Amino acid sequence: MVRFDLDRRFLHGGDYNPDQWLDYPEILQKDIQLMKQANINTVTLGVFAWSALEPREGEYHFDWLDDIFDQVAAFDGNVILATPSGGRPQWLSQHYPEVNRTDALGQKHVHGFRHNHCYSSPIYRAKVQEINRKLAERYGKHPALSMWHVSNEYSGECFCDYCQENWRKWLKKKYGSLEAINQAWLMSFWGSTYSDWRQVLPPSPLGEHKVHGMDLDWKRFVTDMTIDFYQAEIEPLREITPDVPVTTNFMAEGQANHDFIPLEGIDYGKFSKYVDIVSWDSYPDWNNNYETIAETAMKSAYVHDQYWSLKQQPFLVMESTPSVVNWDQFNKSKRPGVHILSSMQQIAHGSDSTLYFQWRQSRGNSEKFHGAVVGHDGSTNNRVFREVAEYGRRLAKLNEIKGTIKKTKVAILFDWESNWALKRGGGFGRPTRRYPQTLQEHYAVFWENDIPVDIITVDQDFSKYDLLIAPMLYLMTEATMDKLQAYTTNGGTLISSYFTGMVNETDLLYLGGLPKKLQELFGIDVLELDTLYEDEHNMITFQDKEFATKDYSAILSVKDAEILGNYQQEFYAGTPAVVGKKFGNGQTYYLAARTAIDFLREFYQGIIETLGLKNPLVKNGSPAVSIQIRYDKNDSYIFLMNFSETEQTIELNQALTDVENQGEIPAQLTLKPYEVRIGKI
Ligand code: GLA
Ligand code: ZN
């Protein structure tokens, strides 16, 4: 039995929706032949197929799916089979209106769109389990079945009576008593103290929406309910197909603001513990008009690295576009060569797949102009199809790399809860919080220097890293403070900043300045946090150079830290802006001000040298060339990727063997615009 198939080859393919083409048999007939021509080996079936599989309640039509399964098996392809809960059939909403969501204003929604079921509704859970069971029974032993793709892009929240009941249950379990909630959320503020459980409602714009501890718990609850629904979904799959791995596709966001960061709404750190393999849908804004392609590549690399780090094992790119998306303000096609470059980048960062949304472009409705491998022309003789086929041909030569891992000595800490709390906080500069984006600026220095970085959560093991970068860790538990102390005591180097350790796990401020454990760790106390307008700057001196600051300045009093840089302006001119302290066998640094990347480059250069973090393979790199390495026991696989429109010459410390043709990649080489080469030592 094939199963998962990662021992054999990289997955190349994507979402295939034959259910949109059942009235066009001549089109369906061509698909498999075209897939072979496109060098595709995997299709994801059934993502929104519930109404095709069960058009009326209890009436099942599997023949069309049987056919496709058999045809895919006949060409030795893999099926990733989706459970269809992301798009429920009309009859379900009609017969059981409770499955539709209720929004924060208490409005009950009617049928339409997708990804919008109530995650508490007992009947929706039962109906989803029923169809999932049928799918598992019918296809569980099919030789093409490789993996389960559970639902699609879980997100959102519901405020119906079931969800409100679950919310109170969740709170009872967490806090035990109303008194504990009153304290944890400071309900004495504006005289909101609860005296009866029936008073406890979800946050709502029509009611309570200024209690930050409540908002934070609501977000935790939404994550937990999403995971709970997912676990209900997979019960029949685990029972009938225990050997078939299960995943659900995670997301990224921010493109509208020129950002590209992991989805903020669901704590994927938590969710990842329940999937067998992490997968995500990757839509960076390639070839945009507001940044260089190297900058886009850096952001994309960051998200890949974060999803790698959740399990520290290869992940899957479940969706990406072969050409263009349809949902942005401006939907630009990838320029020639960028498809292969951007897809190889996925593999370079630890993906074992390149999968697309979608195989064939929809004929109508909201995604009719979204890119696909096969467009409305149905032709193989267009640029997109040719580039996909060429990529598939090249990827098939790299199969020895699948399943290999990454090695990192540097980690950046990201905490979903800190992000939620920071964004909710009020005060300071509202548009400039930008916690994940700030982490990305620190990451950029390492990306430019080809030094690999993990992006981990506070629950993960810190001890294996030489350098831990944890700025803006606003919400911090005592346990995390202890963990940071232990990490540094044992020799780790820790970076922190303004906005760190301000609130506890229910978003209440720590009293008495910076918490004692952090004062010990950094040798400082924080006296004030000044906010700068977006066009305002202070200056700091660091190693005899001057750097502009932006957005935030913490004003420090130093206890037993070494002062490495001072502010130059404002009423805090001459006070410390950068400090360092030896702690145990390790070292800490506190960056009091936000700066641009020029300072970070200078600051990290010294640390990179002291800790010996330089990439040993790279003699002379280029900021536009990304070099990423995957390892197995004996071999290192090196991806050399030119993210620029000009030739780039780089120098390695040794020549490599070209994995695709066994020739030599010389130590000094010039990469053409957008070129990728993959070497081995
Ligand atoms: C998401 C969805 C897909 C499709 C793509 C379009 O990732 O999962 O069904 O809508 O977006 O980019
Ligand atoms: Zn609900």
Check your understanding: Using θ = phi - 60° and the Karplus form 6.51 cos²θ - 1.76 cosθ + 1.60, what ³J(HN,Hα) does each residue of segment 370-384 get, whole Hz, x for Gly and Pro?
Key -> 6, x, 7, 5, 10, x, 5, 6, x, 9, 8, 9, 9, 4, 4
**Study point:** Environment charge at HIS258 (Cβ cut-off 10 Å; Lys +1, Arg +1, Asp -1, Glu -1)
**Key:** -3
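On a 30 Å Cα-Cα criterion, which of the cross-link pairs LYS332/LYS614; LYS108/LYS174; LYS311/LYS581 come out too long? Walk me through the intermediate numbers first.
Details: LYS332/LYS614 36 Å; LYS108/LYS174 28 Å; LYS311/LYS581 32 Å.
In this structure, LYS332/LYS614; LYS311/LYS581 exceed 30 Å between Cα atoms.
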Point to revise | Largest-first ordering by accessible area, 1.4 Å probe, given options PHE189, PHE522, PHE583 | key: PHE189, PHE583, PHE522
**Study point:** Directionally averaged shadow of segment 277-323, computed from the convex hull of its alpha-carbon atoms, nm²
**Key:** 3.4
**Study point:** Debye intensity ratio I(q)/I(0), log10, segment 124-174, q values 0.14, 0.21, 0.32 Å⁻¹ (C-alpha model)
**Key:** -0.60, -0.89, -1.17
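Could you check how much of the accessible area of segment 222-343 is carbon and sulfur, as a whole percent, using a 1.4 Å probe? Walk me through the numbers before you get to the answer.
Numbers: 1820 of 3760 Å².
Carbon and sulfur together cover 48 percent of it.
When the gyration tensor of segment 515-628 is built from Cα positions, what are the square roots of 5 times its three eigenvalues, in whole Å, from largest to smallest? Could the numbers behind the result be given before it?
Numbers: eigenvalues 145, 81, 25 Å².
They are 27, 20, 11 Å, listed largest first.
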Check your understanding: From the square roots a ≥ b ≥ c of the eigenvalues of the alpha-carbon gyration tensor of segment 336-468, which class results: rounded (a/c under 1.5), prolate (a/b over b/c), or oblate?
Key -> oblate
**Study point:** Per DSSP, loop GluC sites (Glu not before Pro) in segment 231-312 with at most 14 further Cβ within 10 Å
**Key:** GLU291
**Study point:** Amide H contacts under 5 Å for TYR356, placed H, 5+ residues apart
**Key:** GLY13, GLY14, ASP15, SER320
**Study point:** Cα centroid separation - segment 468-534 against segment 340-364, whole Å
**Key:** 39
Practice item. Report the GluC sites (Glu not before Pro) located in segment 1-92 that are in a DSSP loop and have at most 15 other Cβ atoms inside 10 Å of their Cβ, or state none. Key: GLU57
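Give me the accessible area per residue for segment 618-680, probe 1.4 Å, as a whole number in Å². Intermediate results must be reported in sequence, preceding the final value.
Values: 2760 Å² over 63 residues.
Heavy-atom SASA per residue in segment 618-680 reads 44 Å².
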Exercise for review: Using a 1.4 angstrom probe on the protein heavy atoms only, line up ASP482, ASP161, ASP658 by accessible area, largest first.
Suggested key: ASP161, ASP482, ASP658
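I'd like the carbon and sulfur percentage of the solvent accessible area for segment 410-611, probe radius 1.4 Å, heavy atoms only, ligands and nucleic acids excluded.
Using a 1.4 Å probe with all protein chains present, segment 410-611 comes out at 49 percent carbon and sulfur.
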Revision key, fill the gap. Relative contact order in percent for segment 77-231 (Cα pairs under 8 Å, 6+ apart) equals 28
Review point. Per-residue accessible area for ASP228 at 1.4 Å probe radius, Å² rounded to 10?
Key: 70
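Taking the Cβ of LYS614 as the centre, find all other residues whose Cβ is under 13 Å away and add up their charges (Lys, Arg: +1; Asp, Glu: -1).
Details: positive: LYS409, LYS619; negative: GLU448, ASP450, ASP466, GLU609.
Taking every Cβ under 13 Å from that of LYS614, the sum is -2.
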Check your understanding: Can you list residues whose amide H is under 5 Å from LEU591's amide H, if they're 5+ apart or on another chain and H is modeled 1.01 Å from N?
Key -> SER496, SER497, TYR498
Review point. Tally Lys and Arg at +1 and Asp and Glu at -1 over the other residues with C-beta under 12 Å from the C-beta of PRO25: what net charge comes out?
Key: -3
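Could you do me a favour and compute the accessible area per residue for segment 410-611, 1.4 Å probe, result in Å²?
Numbers: 7610 Å² over 202 residues.
Solvent-accessible surface per residue comes out at 38 Å².
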Study note, to complete from the structure: log10 I(q)/I(0) for segment 596-679, Debye formula on C-alpha points only (no solvent), q = 0.12, 0.21, 0.22, 0.23 Å⁻¹, two decimals, reads -0.41, -1.05, -1.11, -1.16
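What value in Å³ per residue do you get for the convex hull of the alpha-carbon atoms in segment 380-432?
Numbers: hull volume 10.9 nm³, N = 53.
Value for segment 380-432: 207 Å³ per residue.
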Revision key, fill the gap. Cα pairs beyond 27 Å in segment 410-611, in percent, come to 22
Review point. Using θ = phi - 60° and the Karplus curve 6.51 cos²θ - 1.76 cosθ + 1.60, what whole-Hz ³J(HN,Hα) does each residue of segment 616-622 get, with Gly and Pro shown as x?
Key: x, 7, 9, 8, 9, x, 9
Exercise for review: For THR247, tell me the accessible area in Å² from a 1.4 Å probe, rounded to the nearest 10.
Suggested key: 0
Study note, to complete from the structure: With x for Gly and Pro, the residue-by-residue ³J(HN,Hα) of segment 316-329, computed from phi through the Karplus equation 6.51 cos²θ - 1.76 cosθ + 1.60 at θ = phi - 60° and given in whole Hz, is 10, 8, 7, 9, 7, 9, x, 8, 8, 9, 10, 9, 8, 5
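Counting each DSSP H run of 4 or more residues in the chain as -39500 (n - 2.57), what helix-only mean residue ellipticity at 222 nm follows after dividing by all residues, to the nearest 500 deg cm²/dmol?
Numbers: 17 runs with 209 residues, N = 681.
For the chain, the value works out to -9500 deg cm²/dmol.
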Point to revise | Fraction of accessible area attributable to carbon and sulfur, segment 618-680 (%, probe 1.4 Å) | key: 41
Point to revise | the chain - Rg and Dmax from Cα coordinates, angstrom | key: 26.2, 77
Revision key, fill the gap. Counting only DSSP loop positions in segment 237-320, the chymotrypsin sites (Phe, Trp or Tyr not before Pro) whose Cβ has at most 16 other Cβ atoms within 10 Å are TYR290
Review point. Check GLN569: other-chain or 5+ apart residues with amide H under 5 Å from its amide H, H built from backbone geometry?
Key: MET539, GLY574
Exercise for review: Mind jotting down a quarter of the surface of the convex hull over the alpha carbons of segment 48-195, in square nanometres, one decimal?
Suggested key: 11.4
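The values are calculated or read from the model by the stated rules, or taken from the named source; none is laboratory data. Only a predicted model underlies this, so the values are computations on that prediction, with no experimental measurement involved. A quick note on method: Cβ atoms are made from the backbone with ideal geometry, for glycine too, and the neighbour counts reach across all protein chains shown. For accessibility, only protein heavy atoms count, side chains too; no ligands or nucleic acids. Shrake-Rupley method; radii C 1.70, N 1.55, O 1.52, S 1.80 Å.
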